[in-house]
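Input: a single structure, listed below in structure tokens.
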Amino acid sequence: FEEIDVPAGSPYIGRPVWELKGSEGNVPLLVAILDPDSKKYDMNPDAKRLIKPGDALVMLGEVDKLSDMRERMKIAG
């Protein structure tokens, strides 16, 4: 398990959770999202939930896949 922060300027801000999978679908499993405002975990978030700056994505997966996801959060689209 790992928490991956969504920084301001991330290309995923405003996009729905289902887009995290990408076309290949070979990414870590999203287990929950820690909401920056409420400080509560949204377990098994709805696929239509929009990603916000400051969200922390709780993901489960291989170390290299988690590292790739962390980098994807930072890269400007």
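The values are calculated or read from the model by the stated rules, or taken from the named source; none is laboratory data. Here the structure is a predicted model, which means the values were calculated and not measured. Quick note on the areas: whole protein, heavy atoms, side chains included, nothing else; ligands and nucleic acids left out. Shrake-Rupley method; radii C 1.70, N 1.55, O 1.52, S 1.80 Å.
Every pair of different Cα atoms in the chain enters the Kirkwood calculation, which places the hydrodynamic radius at 12.3 Å. Taking amide H as placed 1.01 Å from N in the peptide plane, the amide H of Ala32 sits under 5 Å from that of Asn44, Val58, each at least 5 places away or on another chain. Once the chain from Asp68 to Ala56 is taken as fully extended at 0.36 nm per residue, the excess over their C-alpha distance is 2.8 nm. Per atom type, the chain shows carbon and sulfur on 56% of its accessible surface, probed at 1.4 Å. Protein heavy-atom accessible surface, 1.4 Å probe, per residue over the chain: 62 Å².
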